[in-house]
Amino acid sequence: MGEYARSLAIAQGAAERWPGASIRFILSREAPYAAQSPFPAALLASSPTFHSAAVIKIMNDWRPDIVIFDNAGRTAQLRAARTIGARVVYISARRRQRSKAFRLSWMRLIDEHWIAYPEFIAGKLRLLERLKLNLLARPVVRYLDVILMPARESPVLGLGMADAYVLMVPGGGTGHPGAADAVEVFLQAARGLAALGVDTVFVGRAGTPSAATEAAPGGSAVGSRAQLLGPLPQAELAALMRGARLVIANGGSTLLQSIACGKASVAVPIAGDQAERIRRCVDAGVAVAAPLALDAVVKIAVDLWRDGARLDALAGRAVALGLADGVDVALRAMTTLLPT
């Protein structure tokens, strides 16, 4: 889900920057978001990484100017993109994919390597990476920092929202090993905070055991302190985030969006690669960690909520980081790649 959300935000930014641009996606038809893509999409039986022949045929028939591989791809696919004259962008969001992108064979195929996270999380370029870049003088390496969607007012903001509220966002993807019940834990924590008198907004996918009849896209009030909402467009979620006093999220892109919006954040790991990311945010003083356990999430959140000075300090350090808007970084880079 993270790769798609990131690529979708970049695509939407490109469509606004270049209204005449033709933009297409190649997606797995099994992905929960595939049927709702606002752009034309070729749907394959599973991840495009496993269907090189189909991906290459699409590129050969369509002949795009830029091909973006987001945290996925095969050597044959990158080479085929180069063969038709396309400029190649590779986005790495994990250590393994970053290492692949710094193989000499891939560096010769890639024009731009975008690292999905800010430098303080992803780490500076290592000595060997710098030596390889000096040797080949390619590709251009950029940190996307964080993908920020412009906020758009939504009808849900008029549902009796409090001036100060906690926003809880467990994430919109499928369950991860060892954290299949993450959405349910977040939902119960939202109820727990509301029971303690904290105005709370939960945004998560419908269909979980407890949320199926309560969380809907339009939203429904539960008691006087909780709002349970189904999935929202990114722009509407951004508006809720900007209005929140505290954001509780998993350790993925939503956490970084919260920090980039200058919000105090509690981070709960729900995937194997998130613990280290959260640790770096905690070390930077811009987030508080909580385990994926109902009682712990509620206690950590309510203790923080009742400590206004600590909330303000977290928010202030988040603002001071000055994270860049990754969509803007991407669009500026694409400007240099497009044919003149």
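The values are calculated or read from the model by the stated rules, or taken from the named source; none is laboratory data. All values derive from a computational prediction rather than experimental measurement. Don't worry about glycine lacking a Cβ; one is built from the backbone with ideal geometry, like all the others, and counts go over all protein chains shown. With ligands, DNA and RNA removed, areas are computed over all heavy atoms of the protein, side chains included. Shrake-Rupley method; radii C 1.70, N 1.55, O 1.52, S 1.80 Å.
Among the residues in the range 275-286, are any touching a Pro at 6+ places or on another chain (Cβ under 7 Å) and closer than 21 Å to A190 by Cβ? Among the residues of the range 275-286, at least one is touching a Pro at 6+ places or on another chain (Cβ under 7 Å) and closer than 21 Å to A190 by Cβ, which makes the answer yes.
Checking each residue of the range 178-200 against the condition of being at pLDDT below 60 and either over 19 Å from L246 (Cα atoms) or open to solvent by 20 Å² or more (accessible area, probe 1.4 Å) (or both) gives at least one match.
Being at pLDDT 70 or above, under 18 Å from A293 (Cβ atoms) and not in a strand (DSSP E or B), is that true of even one residue in the range 137-153? The answer is no; no qualifying residue exists. Quickly run through the range 301-340 and pick out the residues that are more than 30 Å from V198 (Cα to Cα), acidic (D, E) and outside any helix (DSSP H, G or I). Within the range 301-340, D325 is the sole residue that qualifies. Within the range 23-37, the set of residues being free of Cβ contacts under 8 Å to residues at least 24 places away in the same chain, open to solvent by 50 Å² or more (accessible area, probe 1.4 Å) and of a type outside the set (D, E) comprises R29, A35, Q36. Selection within the range 47-68: residues that are of a type in the set (D, E, K, R) and free of Cβ contacts under 8 Å to residues at least 24 places away in the same chain. The member of this set that is surrounded by the fewest Cβ atoms within 10 Å (Cβ to Cβ) is D61. Looking at the range 221-299, the strands (runs of 3 or more DSSP E) lying wholly inside it that each contain 1 or more residues that are more than 24 Å from M149 (Cα to Cα), in contact (Cβ under 8 Å) with a residue 12 or more places away in the chain and out of contact with any Cys (no Cβ under 9 Å at 6 or more places or on another chain) sit at 226-229. Inside the range 262-292, residues that are more than 20 Å from the chain's Cα centre (by Cα) and at pLDDT below 95 make up a count of 0. Among the residues of the range 225-284, those that are of a type in the set (S, T, N, Q) and open to solvent by 30 Å² or more (accessible area, probe 1.4 Å) comprise Q234, S253. Out of the residues in the range 57-68 that are part of a loop (DSSP other than H, G, I, E, B) and not basic (K, R), which is farthest from L331 (Cα to Cα)? The qualifying residue farthest from L331 (Cα to Cα) is P64.
Report whether or not V88 is in contact with a helix residue (DSSP H, G or I) (Cβ under 8 Å, 6 or more places away or on another chain), closer than 23 Å to L255 by Cα, crowded, with 20+ Cβ neighbours inside 10 Å and modelled with pLDDT of 95 or more. So V88 does not fit the description; no. Just one residue in the set S7, S28, S92, S22 is within 19 Å of the chain's Cα centre (by Cα) and more than 16 Å from A330 (Cα to Cα); that residue is S28. Only residues that are over 14 Å from the mean Cα position of the chain (by Cα) and open to solvent by less than 50 Å² (accessible area, probe 1.4 Å) were counted in the range 325-337, giving 6. Of everything in the range 16-56, what is closer than 19 Å to A80 by Cβ, part of a helix (DSSP H, G or I) and not hydrophobic (A, V, I, L, M, F, W, C)? Give them in sequence order. Across the range 16-56, the qualifying residues are P48, T49, S52.
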